[in-house]
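**Q** The structure under discussion is supplied below as structure tokens; questions concerning it will follow.
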Amino acid sequence: MLKKIQKPCVWAVALALVSVALVPMSRPAVAQQYFYTVQVGDTLSGISQLYGASVEAVADANGISNPDLIITGQLLSIPGASSVSEPESAWEPDPVSSGAGGGQPSYTVQAGDNLGAIADLFGVAVSELAEYNGISDPNVLVTGQTLAVPGGFGTATPQVVDSSYLDYDDLRAMFHDAARIHGEDPYLMMALAWQESGWQQDVVSYAGAYGIMQVMPDTADWAGPALVGWETDYVNSAWGNIQTGVAFFAHLYSLSGSDYYALAGYYQGPYSVETQGLFSDTEAYVWNILEMRDLFASGRMP
């Protein structure tokens, strides 16, 4: 989730171009409504094989130009699938692992990562990390790629907050309550949170975003008092985290008047969206959430 808004902005151009509900864009046709959420380490060929579909058909149906590059968390529609049931999800939000007995750490590349940020995370030089993993172009990383980290032990790892198990029924109730308070669609908020964390409160990203809605501390420090009415416990409390994230989304909606652009602002930042337009990964992020929203509403997702 992006840090606190740098300045108020009114997206006049966006309001002139989009409807409140959705931005019209062309979408690939889907022969059958089978869906799969990309997991860390997945490949398009492996996913296609699971459903008995061709790689080319899945790529075409999802607008994927490079079959070797797919985004963790991306929702794929599977055309012409011969499977009658979908494989179980194996969501793994924490990309950092260490070898047996606490040996050499490794890192699994996530969507949106860059080599500089990963190098900073472990306190190593970009050139050293690239050379160690045989990377000739430091600007090109493959989602799901596992990087070995030189030096034995990293100097930093993502923090994981100890929290008790949260039941999906309890979380659904929290989403409904928060959405009612802030005037938002509860199923859209469920989909947004699933895209961000898989509904896991104990996840802290390497960038420092916390919990179910992946709330950045700077955002929470501002949004809690300004939008919720108090300083929320976004770190340890699922309710506090959901409240903060939903309130922030509602604020973004008030600026843009559009679910589409509010989601884009949540991911890319409203000022960046206003001044630079939507990046390609932002568009994929938004469409994943909009498609998952319908799945949540129909009871096909938790």
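The values are calculated or read from the model by the stated rules, or taken from the named source; none is laboratory data. This is a predicted model, so every value here is computed, not measured. Here Cβ is always computed from backbone atoms with ideal geometry, including for glycine, and neighbour counts include all displayed protein chains.
**Q** Checking the conditions here, which among S298, S280 is over 24 Å from L171 (Cα atoms) and either basic (K, R) or over 13 Å from the mean Cα position of the chain (by Cα) (or both)?
**A** Of S298, S280, the one residue that is over 24 Å from L171 (Cα atoms) and either basic (K, R) or over 13 Å from the mean Cα position of the chain (by Cα) (or both) is S280.
**Q** Can you tell me how many residues within the stretch 253-271 are touching a residue at least 40 places away in the same chain (Cβ under 8 Å) and either buried (at least 23 other Cβ atoms within 10 Å of the Cβ) or in a helix (DSSP H, G or I) (or both)?
**A** 13
**Q** When the stretch 225-236 is examined, which residues are found to be touching a residue at least 24 places away in the same chain (Cβ under 8 Å), crowded, with 17+ Cβ neighbours inside 10 Å and in a loop (DSSP other than H, G, I, E, B)?
**A** Passing the criteria: Y234, V235.
**Q** For the stretch 156-193, how many residues are modelled with pLDDT of 85 or more, touching a helix residue (DSSP H, G or I) at 6+ places or on another chain (Cβ under 6 Å) and farther than 11 Å from A238 by Cβ?
**A** Number satisfying all stated conditions: 11.
**Q** Against the conditions (1) within 21 Å of N288 (Cα to Cα); (2) modelled with pLDDT of 70 or more; (3) among the aromatic types (F, W, Y), where does Y132 fall short? Just the number, please.
**A** Of everything listed in (1) within 21 Å of N288 (Cα to Cα); (2) modelled with pLDDT of 70 or more; (3) among the aromatic types (F, W, Y), Y132 misses just condition (1).
**Q** To continue, here is another question. May I ask you to list the residues in the stretch 130-147 that are touching a residue at least 40 places away in the same chain (Cβ under 8 Å) and surrounded by fewer than 17 Cβ atoms within 10 Å (Cβ to Cβ)?
**A** Residues satisfying the conditions are V142, T146.
**Q** Which residues, taken from the stretch 237-252, are crowded, with 23+ Cβ neighbours inside 10 Å and among the hydroxyl-bearing types (S, T, Y)?
**A** T244
**Q** Also: Quick one: which of M213, M292 is closer than 24 Å to T108 by Cβ and either assigned to a loop (DSSP other than H, G, I, E, B) or basic (K, R) (or both)?
**A** M213
Residues are listed down the side, and each one gets a yes or a no for (1) modelled with pLDDT under 90; (2) among the hydroxyl-bearing types (S, T, Y); (3) not assigned by TED's automatic domain parsing to the domain that holds M213:
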residue	(1), (2), (3)
V228	yes, no, no
Y234	no, yes, no
I242	no, no, no
G245	no, no, no
L252	no, no, no
I289	no, no, no
